[in-house]
Amino acid sequence: MADVVLSVLAHPDDAEFLCAGTMARLVREHGWHAHIATLTPGDCGSAELGPEEISRVRRAEGARAAAVLGAAYHCLEERDLLISYNERALEKVTRLLREVRPRVVLTHSPADYMLDHEMTSVLTRAAAFAAPVPNFLCDRGHPPPLEHIPHLYYCDPIEGKDALGRDVPPGFCVDVGAVIEVKAEMLARHASQRDWLRKHHGMDRYVEAMREWGRRRGRECGVACAEGFRQHLGHSYPPDNLLGQLLGTAGGRA
Ligand SMILES: [Zn+2]
């Protein structure tokens, strides 16, 4: 069976900004399968459409973007601005891990500008630990527990900064120069968001902002375009840098 990389992020389009290039390389260079999960369907991501309507649009956009990688898209159906660390959400992420059985999991930085992202990060960290525990939620009809904790990596926070505006340097970077057009094509499939971001954030450069960020991380580590990561190295999580071994590390620690 092919190895699996799973991204668990808060909103549709977060993966396309933060880690889709790395996922594309695992798929193309190593034959891995990719799964893209979001905690919410992005129900607050519109000024015109109601929550149900924009959710329908964005689930479809998420699936179309994932299809560029031949990846499956999963929506865990929490709600924007309400993601929190609770049993229901933790069960959803744990069940997903037991279904998808990833070797590598990518999630948000523990420190980010947005609480939905930070909550998704702690939920994913906890689920990675819990999914192999046989007695954890063993009465809920889940697939069997994982054999072990998957390799867990945190993406860069948005704009590389925490909520206090401090830089969050990556532990290492993955060179995504060769797959930047794949990433751009995936992001462009989130058509509803370009309009929304222009209205709400005054940002009319949806795909260009992703490219600029990639170039900035790239400049810092000596390649054209990069994605930054930090590995979760707490007790009992796998400590070897599998992602770095497979894709090479640009800048930072190996
Ligand atoms: Zn987000």
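The values are calculated or read from the model by the stated rules, or taken from the named source; none is laboratory data. Quantities reported herein were computed from a predicted structural model and do not represent experimental measurements. Positions of Cβ are generated from backbone atoms using ideal geometry, with glycine treated the same way; all protein chains shown enter the neighbour counts. The accessibility values were calculated without ligands, DNA or RNA, using every heavy atom of the protein model including side chains. Shrake-Rupley method; radii C 1.70, N 1.55, O 1.52, S 1.80 Å.
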For region 125-136, state whether one or more residues are of a type in the set (Phe, Trp, Tyr), out of contact with any Gly (no Cβ under 9 Å at 6 or more places or on another chain) and within 16 Å of the ligand (Cβ to nearest atom).
no
Output the number of residues of region 14-55 satisfying the condition of being open to solvent by 10 Å² or more (accessible area, probe 1.4 Å) and over 9 Å from the mean Cα position of the chain (by Cα).
19
Among the residues of region 94-121, count how many are of a type outside the set (Val, Ile, Thr) and away from the ligand (no atom under 16 Å from the Cβ).
8
Of everything in region 1-13 that's touching a residue at least 60 places away in the same chain (Cβ under 8 Å) and either away from the ligand (no atom under 16 Å from the Cβ) or not in a strand (DSSP E or B) (or both), which residue is surrounded by the fewest Cβ atoms within 10 Å (Cβ to Cβ)?
Asp3
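Picking from Glu48, Glu61, Glu16, Glu91, which residue would you name as being part of a helix (DSSP H, G or I) and more than 16 Å from the ligand (Cβ to nearest atom)? Break it down stepwise before answering.
On the way: Glu48 fails: part of a helix (DSSP H, G or I); Glu61 fails: more than 16 Å from the ligand (Cβ to nearest atom); Glu16 fails: more than 16 Å from the ligand (Cβ to nearest atom).
Exactly one residue qualifies, and that residue is Glu91.
If you scan region 186-197, which residues turn out to be open to solvent by 70 Å² or more (accessible area, probe 1.4 Å), assigned to a helix (DSSP H, G or I) and in contact with a helix residue (DSSP H, G or I) (Cβ under 8 Å, 6 or more places away or on another chain)?
Answer for region 186-197, where residues must be open to solvent by 70 Å² or more (accessible area, probe 1.4 Å), assigned to a helix (DSSP H, G or I) and in contact with a helix residue (DSSP H, G or I) (Cβ under 8 Å, 6 or more places away or on another chain): just Arg194.
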Criterion violated by Glu91 - all others in (1) under 27 Å from Lys161 (Cβ atoms); (2) open to solvent by less than 60 Å² (accessible area, probe 1.4 Å) satisfied
(1)
